[in-house]
Amino acid sequence: MKIAIVEDDINMRKSLEISLKEYPQFEVHTFKNAIDAMEKLDKSFDLIITDINMPKKNGVEFAKELGGEFDIIVITGNADLNVAIELLRLGVKDFLTKPFEVETLVQAIERVEQLKKVKPLEKRKRPDRRVGKEDTREVKIERRKGERRKLFYSISPKLQKTLDFALRAAKTDASVMLLGESGVGKELFAKYIHQNSLRKDKPFVAINMAAIPENLLESELFGYEKGAFTDATASKKGYFELADGGTLFLDEIAEMPISLQAKILRALQEKEIMRLGGLKPIKIDVRIISATNADIDKKIKEGEFREDLFYRLNTIPINIPPLRERREEIVEIAEVALKGICKKYGFSEKRLSKEAKEELLNYSWPGNVRELLSVIERAAVLSEGEEISKEDLFLESRKPKKDINEMERELIIEVLENFNYDLKQSSSMLGMSMRSLEKKIKKYDIKVS
């Protein structure tokens, strides 16, 4: 798949290029603005990924000039409803708001490919300006309501107890560390804490420490000044500044390079940061929420994580229970997700059979909510007819045999085999970073051929 990335920010452009080139099916070409891209784009390109706010020609003008000849995914740091409506009317396939994880972009790319394959099955009417405008507004309003009013579809007694504790923590300004298995919904908890805090009207900025190349992480966190390095043609704010007054969520904190930890600690202690190439410190007011599924105590003992930084981040630890301990939620989460997936792909509404629901309840979900959503999306895309059967879920091979570690090992082996041992694709399907997958391969002594 031949992809053009059109992005004026050098850090973002390089980060996307490095990350997407790890996928062998992607041929990636980059352009620093729309004018340069227009000179070299031809019919051999399958997809355009473009920023909105660019010099000389912005993303909306660029999309208009392309005239619907290419599939387009838009990325932007400023999600404006009117701009989103205009872009969707122009035929843009997806609209991602910065910051986002590379895995999120890869999933958007895969959705574009899936839509091409399922297009003959679509039941929706041919889009026009009126329908496009109404549909976009509805999606945006639902997202806003979902984030503020109902982040969690269904709540078991065990989850409710954890949410009650998180609510008490939200009323303070103390640092919170979210602990739990991969896929339990740590970012949802971080948003819940933010939205119930005194900072709720200020920015919530999330960054996955394992998803950004190590050589770019410092400039992404702290920003840089014009001329700080080659191609730094303008100053740029980092995530700390973007989150000023609000909440900064540091996901997979244990994956932070040891060389960067001292600078993070200083930023938290002094409440100020220094941009790359900067001469003056910049004051910040940020509440930190961090998350990890790693054994931090072990990392501290092995010298991979600073103990003083851990104590600074771990003022209030919150353990999030895995999905297998919240079985009351499984079917409702699946049904709500299925409804949204059918709407996203333009399918007629599908439902889960009685046997499929029983299959969902009998499975142990080592990948937690993330795995459940992945299974439901796959079943919705691949199933025929309006009812999803037990067989459509493909869970039989994942049934529990021993303990959770054995199940996780078997799941990883199965995914690796399905993707011919491609670590990047496998990590994306498993919902973890490539670095985390490599560690689990070593932990479980999996032979990678």
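Evaluated against (1) modelled with pLDDT of 80 or more; (2) farther than 22 Å from Arg370 by Cβ; (3) buried (at least 19 other Cβ atoms within 10 Å of the Cβ), Leu178 falls short on exactly one condition, (2). Looking across the stretch 296-316, the residues that are free of Cβ contacts under 8 Å to residues at least 40 places away in the same chain and either in contact with a strand residue (DSSP E or B) (Cβ under 8 Å, 6 or more places away or on another chain) or of a type outside the set (Phe, Trp, Tyr) (or both) come down to Asp297, Lys298, Ile300, Lys301, Glu302, Glu307.
A single entry from Val106, Val112, Val60, Val139 fulfils the requirement of being under 30 Å from Phe189 (Cβ atoms) and at pLDDT 70 or above: Val106.
Could you check the stretch 319-340 and list, in sequence order, the residues that are aliphatic (A, V, I, L, M) and either without any contact (Cβ under 8 Å) to a residue 40 or more places away in the chain or more than 21 Å from Trp365 (Cα to Cα) (or both)?
Val331
Looking across the stretch 41-65 at every residue that is part of a helix (DSSP H, G or I) and either among the β-branched types (Val, Ile, Thr) or touching a strand residue (DSSP E or B) at 6+ places or on another chain (Cβ under 7 Å) (or both), the one that is farthest from Phe95 (Cα to Cα) is identified as Phe62. For the stretch 246-264, a tally of residues being part of a loop (DSSP other than H, G, I, E, B) and either surrounded by 14 or more Cβ atoms within 10 Å (Cβ to Cβ) or modelled with pLDDT of 95 or more (or both) returns 3. Annotation: of all residues in the stretch 9-26 being touching a Phe, Trp or Tyr at 6+ places or on another chain (Cβ under 9 Å) and not β-branched (Val, Ile, Thr), the one that is modelled with the lowest pLDDT is Asn11. Here Asn215 clears all of (1) modelled with pLDDT under 90; (2) touching a helix residue (DSSP H, G or I) at 6+ places or on another chain (Cβ under 8 Å) except the condition numbered (2).
Keeping to the stretch 1-40, report how many residues are basic (Lys, Arg) and either assigned to a loop (DSSP other than H, G, I, E, B) or farther than 20 Å from Ile52 by Cβ (or both).
Applying the first criterion (basic (Lys, Arg)) to the stretch 1-40 yields 2, 13-14, 21, 32, 40.
Now drop any that are not either assigned to a loop (DSSP other than H, G, I, E, B) or farther than 20 Å from Ile52 by Cβ (or both), which leaves 2, 21, 32, 40.
So the count comes out to 4.
What do you reckon, is Phe204 crowded, with 20+ Cβ neighbours inside 10 Å, outside the structural domain of Thr104 (by TED's automatic domain parsing) and either over 20 Å from the mean Cα position of the chain (by Cα) or not aliphatic (A, V, I, L, M) (or both)? For Phe204, the condition - crowded, with 20+ Cβ neighbours inside 10 Å, outside the structural domain of Thr104 (by TED's automatic domain parsing) and either over 20 Å from the mean Cα position of the chain (by Cα) or not aliphatic (A, V, I, L, M) (or both) - is met.
Kindly indicate which of Ser433, Ser348 is touching a residue at least 60 places away in the same chain (Cβ under 8 Å), on the phi < 0 side of the Ramachandran plot, out of contact with any Leu (no Cβ under 8 Å at 6 or more places or on another chain) and buried (at least 20 other Cβ atoms within 10 Å of the Cβ).
None of the other options fit; the residue is Ser433.
The values are calculated or read from the model by the stated rules, or taken from the named source; none is laboratory data. Please read all numbers here as calculations on a predicted model, not as lab measurements. Cβ: placed from backbone, ideal geometry, glycine included. Neighbour counts: every protein chain shown.
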